[in-house]
Amino acid sequence: MNQVEAFFDQVITVKWGPDKKSVDIIDQSLLPGTLKRIQLDTAEEIWEAIKKLRVRGAPAIGIMAAFATALLASQIDTEDYGTFAQECREITSYLSSSRPTAVNLFWALNRMQKLIEDSQDLPVADIKDKLFAEAEAIQAEDIAISRHIGETGFSLLSELKEDNKEIGILTHCNAGTLATGKYGTATAPMYMALEHGWPGDAMHVYCDETRPLLQGARLTAFELSQAGIKTTLQCDNMASVLMAQGKIQIVFVGCDRVARNGDAANKIGTNTVAILAKHYGIPFYVCAPSSTIDMATHTGADIPIEMRDPHEVSDMWYKERMTAEEVNIFNPAFDVTDHSLITGIITDRGLCKAPFDEAFTAMGLGLSQ
Ligand code: MRU
């Protein structure tokens with residue numbers, strides 16, 4: 001096993017615990033200092049893990065929701081289909097209240113729920129088996145999807161490649177291994193480049209720190225440097241300096257929900273990066289698995305944006321509170337990048353260009369939930 005595969009193996013976001021009696025996740029809230037896996041077997045523990053970002057990133061939240069539904073359904077003690085289906089509905093409804101923005105959560109829960117509804121003629125024990133298999137299928141599909149996104153992204157990198165010159169790539173938040181089944185979305189082009197034999201220093205990935213929860217500093221910079229990719233970390237407000245100095249040739253970001261018109265919600269600060277990229281003439285790509293394209297949401301204005309605890313801004317990373325008690329704090333977890341700022345949306349079926357709704361439809365992409 002090479003260095004990158006060994007790392008992937010170590011940080012696999014979601015897997016089964018022993019005998020499939022729990023869901024086993026790497027607790028991302030402790031990274032990079034502590035690599036600790038935890039096993040969860042109650043709905044409350046799983047809800048808390050999603051809410052507190054122990055497991056996070058849109059595709060990983062979807063995988064977690066699917067594993068959780070299978071696990072919790074397996075604990076239901078009845079052979080009566082009606083009782084089983086009702087209890088499953090309560091489980092999926094509860095899990096769906098954990099976070100509002102990433103559409104993958106609702107997509108995965110709906111997919112598990114649909115399987116239950118389509119299986120009413122089967123014994124409950126068989127439905128339970130099917131739910132385990134469906135969760136594993138969602139994870140396997142996500143890994144395949146990331147590879148497709150990565151190959152398209154890699155072809156964009158190849159077009160930029162000049163002999164003996166590194167390609168400067170900027171990314172925001174963590175749309176990497178830790179946010180998905182394996183390769184990430186925004187990081188998949190870099191992992192594919194390594195597979196195609198590029199050395200780790202052919203690319204230079206500049207990771208935005210990503211205030212307030214530091215997913216760029218704690219997660220992206222960690223995973224890319226572990227994979228041997230040249231990595232530099234900067235605070236979010238330093239990106240324009242890098243762009244002005246000509247150090248960035250391309251931007252890859254992930255997304256939590258893409259509306260039908262191509263407006264894309266992603267971690268707070270992504271829109272700022274897109275505006276800067278436009279100003280400096282740098283191509284800005286959103287990497288989107290089909291499970292994140294929500295055709296039922298017409299524009300970005302319809303995407304629910306999660307507001308989070310002010311404590312994440314005022315004192316979470318400091319020894320003491322860094323702002324006076326009486327100061328109001330604004331802490332939206334996501335922003336929406338207008339489709340006009342997006343050069344292209346890299347999907348698992350290929351590269352979509354504006355008008356995005358037509359491109360999504362032509363490629364048969366997107367969820368109507
Ligand atoms: O709040 P988080 O850490 O779950 O936010 C994650 C992001 O915004 C990612 O960029 C997005 O989910 C895409 S992950 C492939």
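The values are calculated or read from the model by the stated rules, or taken from the named source; none is laboratory data. Bear in mind the structure is a predicted one, so any value in this text is a computation, not a measurement. Note that each Cβ is placed from the backbone with ideal geometry, even for glycine, and that neighbours are counted across all protein chains shown. Note: accessible area is taken over every heavy atom of the protein model, side chains too, but ligands, DNA and RNA are not part of it. Shrake-Rupley method; radii C 1.70, N 1.55, O 1.52, S 1.80 Å.
DSSP loop (so not H, G, I, E, B), at most 16 other Cβ within 10 Å: list which trypsin sites (Lys or Arg not before Pro) in the range 122-175 pass both filters. Write out the running numbers ahead of the final one.
Values: sites: Lys128, Lys130, Arg147, Lys161, Lys165; in loops: Lys161, Lys165.
Answer in residue order: Lys161, Lys165.
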Report the FRET efficiency, 1/(1 + (r/R0)^6), for Glu79 and Asp9, where r is their Cβ-Cβ distance and R0 is 51 Å, rounded to 0.05.
0.85
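Set the bar at 29 Å for Cα to Cα. Now go through Lys128/Lys267; Lys36/Lys353; Lys20/Lys52 and name every pair that lies beyond it. Walk me through the intermediate numbers first.
Numbers: Lys128/Lys267 35 Å; Lys36/Lys353 41 Å; Lys20/Lys52 23 Å.
The pairs that break the limit, which is 29 Å between Cα atoms, are Lys128/Lys267; Lys36/Lys353.
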Give me the net charge of Pro18's neighbourhood, meaning all other residues with Cβ under 13 Å from the Cβ of Pro18; Lys, Arg count +1, Asp, Glu -1.
+1
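When Rg is the radius of gyration of the Cα atoms in the range 130-205 and Rh is its Kirkwood radius, what does Rg/Rh come to?
Values: Rg = 14.1 Å, Rh = 13.2 Å.
Ratio of gyration radius to Kirkwood radius for the range 130-205: 1.07.
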Per the range 169-216, sqrt(5λ) over the Cα gyration tensor eigenvalues, sorted largest first, in Å, gives 20, 13, 6
Grab the Cα-Cα distance for Gln39 and Trp317, subtract it from 0.36 nm times how many residues apart they are, and report the gain in nm with one decimal.
97.5 nm
Using a 1.4 angstrom probe on the protein heavy atoms only, could you order Met322, Met363, Met203, Met238 from most to least accessible area?
Met322, Met238, Met363, Met203
I'd like the carbon and sulfur percentage of the solvent accessible area for the chain, probe radius 1.4 Å, heavy atoms only, ligands and nucleic acids excluded.
51
Among Asn328, Asn237, Asn261, which one moves the most in a GNM of the chain with springs linking Cα atoms closer than 10 Å?
Asn328
For the range 58-184, what is the relative contact order in percent, using Cα pairs closer than 8 Å and at least 6 residues apart in sequence?
36
Reduced to Cα centres, the span from the range 29-55 to the range 186-232 in Å works out to 23
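Note down, for the range 80-227, the three equivalent ellipsoid semi-axes (square root of 5 times each alpha carbon gyration tensor eigenvalue), biggest first, whole angstrom.
Working: eigenvalues 314, 62, 21 Å².
The three semi-axes for the range 80-227 are 40, 18, 10 Å.
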Just the C-alpha atoms of the range 281-335: what Rg/Rh do they give, with Rh taken as the Kirkwood radius?
1.15
With viscosity set to 0.890 mPa s and temperature to 25 °C, compute the Stokes-Einstein D of the range 2-75, Rh being the Kirkwood radius across alpha carbon pairs; µm²/s, no decimals.
196
What are the radius of gyration and Dmax of the range 48-150, computed over its Cα atoms and given in Å?
13.7, 45
With runs of 4+ DSSP H residues as the only contributors, calculate the mean residue ellipticity of the chain at 222 nm using -39,500 (n - 2.57) per run, divided by the residue total and rounded to the nearest 500.
-12000 deg cm²/dmol
Can you send over the solvent-accessible area of Asp309, 1.4 Å probe, protein chains only, in Å² to the nearest 10?
90
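Taking chymotrypsin sites (Phe, Trp or Tyr not before Pro) that fall in a DSSP loop and have at most 10 other Cβ atoms within 10 Å as cut points, what is the longest piece of the chain between them?
On the way: sites that count: Tyr318, Phe330.
So the longest stretch without any such site is 1-317.
Mean Kyte-Doolittle of at least -1.0 and a Cα length of 27 Å or more along the axis: which whole DSSP H helices of the chain meet both? Let's see the in-between values first.
Numbers: long enough: 124-160 (54 Å, 0.20).
Correct list, ordered by number: 124-160.
What's the FRET efficiency of Ala354 with Glu90 using the Cβ-Cβ distance as r and R₀ = 35 Å, to the nearest 0.05? It would help to have the intermediate numbers written out before the result.
Details: r = 42 Å, r/R0 = 1.19.
It comes out at approximately 0.25.
Send over a whole-number figure in Å² for the accessible area per residue of the chain, probe 1.4 Å. If you can, show how the numbers build up before the last one.
Numbers: 15040 Å² over 369 residues.
Ligands and nucleic acids excluded, the result is 41 Å² per residue.
In percent, what relative contact order does the range 139-262 have, based on Cα pairs under 8 Å that are 6 or more apart in sequence? Don't skip to the answer; put the middle values down first.
Values: 200 pairs, mean separation 36.5, N = 124.
Relative contact order, the range 139-262: 29 percent.
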Using bins 20 angstrom wide from zero, how does P(r) for the chain break down, in % of all Cα pairs?
30, 58, 12, 0
